[in-house]
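The values are calculated or read from the model by the stated rules, or taken from the named source; none is laboratory data. Keep in mind that what you see is a predicted model, and the values were worked out from it rather than measured. Ideal geometry is used to build each Cβ from the backbone, glycine not excepted, and the neighbour counts take in all protein chains shown. When the accessible area is computed, the model is the full protein with side chains, heavy atoms only, and any ligands, DNA or RNA have been set aside. Shrake-Rupley method; radii C 1.70, N 1.55, O 1.52, S 1.80 Å.
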Amino acid sequence: MSNRNNNLLEVEIAGIKFKNPVIAASGTFGFGREYSGYIDLNKLGGISVKGLTLEPRKGNKPPRIAETPGGILNSIGLQNPGVKAFIQEELPFLNKFNTVIIANIAGNTMEEYCEMVEILSDTNIDAFELNVSCPNVKEGCVAFGNTVEGISEITEQVRKYCKKPLIVKLTPGVTDIKEIALAAEANGADAISLINTLLGMAIDIHKKRPILANNFGGLSGPAVKPISVRMTYEVSQTVKVPVIGMGGITSGDNAIEFILAGASAVMVGTWNFVNPNACIEVINGIEKYLVQYNHDSIYDIAGKIKLNG
């Protein structure tokens, strides 16, 4: 499908222009190389790379993935080659493509996050996505993003070293997602992405043990979409910075739900495993909807939901 005009799908987030609002979500798209034989990466709005840590990580022992009705549980444990290997081996490949590159970063201490941001700020990435679902080992392994204090401190400290736009990715496992989002915004977030996975569990009834070796895992896929749409709406009503919605998107129609709820862009994750062409199909679906209803841009519908009652 060809655009009626070049601006139909274009969006801008934190000063970065995306050719379309569809970003491959972190953790489901590797470093792009893994999908480059299936789709043209130039067609994507952006790629949020697999979560990076300061040093290489082997991740958790298997089994690390369990299928559930309408989704998957994963406990990969942030397996990745580390920041330096990413810069040397993966980033040159990604920079060949005309798409926005977002570095998703994770750490166990404030210092690790800050060091990674400092190192990556001088590379050809376009933005950071801060994974705050990681346990802070210095604070008894409570996730950075679970409290207003935690999200405030991690965002404020990282902001000091960050020379690129900073997207803070929120965890849904909190009492009030709105106050967490406000804290991220107040301390320097240029955009908010949500939601990260929900903590879940699956049990093998014959072995009487959890299926995952790590017992618990993050639930993603279509099963979480109603929750992620609701949280996207709540956050977009609360903050002034752009919101990127994700969680269970499998089609252009799904993506439109998030945009109507207030998202400026969306991320497609788990469905890439089911259909390697998922992101392209979502892009085409969004465009088809805009043409069908004679809209001139994403902004004609972003946040334009009309509540009942």
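Brief remarks on what is shown
- Fraction of antiparallel bridges per DSSP, the chain only, in percent to nearest 5: 40
- Among the listed pairs 178/304; 225/288; 58/164; 240/288, those beyond 26 Å (Cα-Cα): 58/164; 240/288
- For the chain, the spread of Cα positions along each principal axis, largest first, Å: 52, 49, 45
- Accessible-area value, residue 72, 1.4 Å probe, nucleic acids and ligands omitted, Å²: 20
- Cα gyration tensor shape for the range 216-267, rounded if a/c is under 1.5, else prolate or oblate: oblate
- Spin-label pair residue 33/residue 17, simplified geometry with 7 Å Cα→Cβ offset, distance in nm: 3.1
- Here the gap between residue 204 and residue 109, fully extended at 0.36 nm per residue and compared with their Cα-Cα distance, gives a gain of 30.8 nm.
- Other-chain or far-sequence residues with amide H under 5 Å of residue 212's (modelled H): 202
- Computed on protein heavy atoms with a 1.4 Å probe, the accessible areas place 267, 201 in the order 201, 267, largest first.
- Summary of the geometry: the range 201-262 and the range 71-128, compared by the centres of their Cα atoms, lie 22 Å apart.
- Chain lengthening between residue 97 and residue 273 when straightened (0.36 nm per residue, less Cα-Cα): 61.2 nm
- The range 155-232: Rg to Rh, with Rh as the Kirkwood radius over Cα pairs: 1.12
- Local charge for residue 125 was computed over the other residues whose Cβ lies under 12 Å away, with Lys and Arg +1 and Asp and Glu -1, and equals -2.
- Estimated FRET transfer efficiency when R0 is 35 angstrom, pair residue 292-residue 178 (beta carbons, to 0.05): 0.60
- Residue with peak Gaussian network fluctuation, the chain [Cα springs, cutoff 10 Å], from 247, 46, 285: 285
- Residue 79 versus residue 58: modelled label distance in nm, points set 7 Å from Cα along the beta carbon direction: 1.1
- All lysines inside 19 Å of residue 207 as judged from Cα atoms, apart from same-chain residues fewer than 8 positions distant: 61
- With the whole protein complex present, residue 253 retains an accessible surface near 110 Å², based on a 1.4 Å probe.
- Treating r as the C-beta distance of residue 300 and residue 123 and R0 as 25 Å, the FRET efficiency rounds to 0.10.
- Accessible surface of the chain [probe 1.4 Å, protein heavy atoms]: carbon and sulfur percent: 50
- A crude spin-label estimate for the pair residue 253 and residue 88, with each label 7 Å from Cα along the Cβ direction, gives 4.9 nm.
- Ligands, DNA and RNA aside, residue 293 has an accessible area near 120 Å² when probed at 1.4 Å.
- Calculated FRET value between residue 42 and residue 156, using beta carbons and R₀ = 35 Å, to 0.05: 0.45
- Overall form of the range 35-116 per C-alpha gyration tensor (a/c, 1.5; a/b vs b/c): oblate
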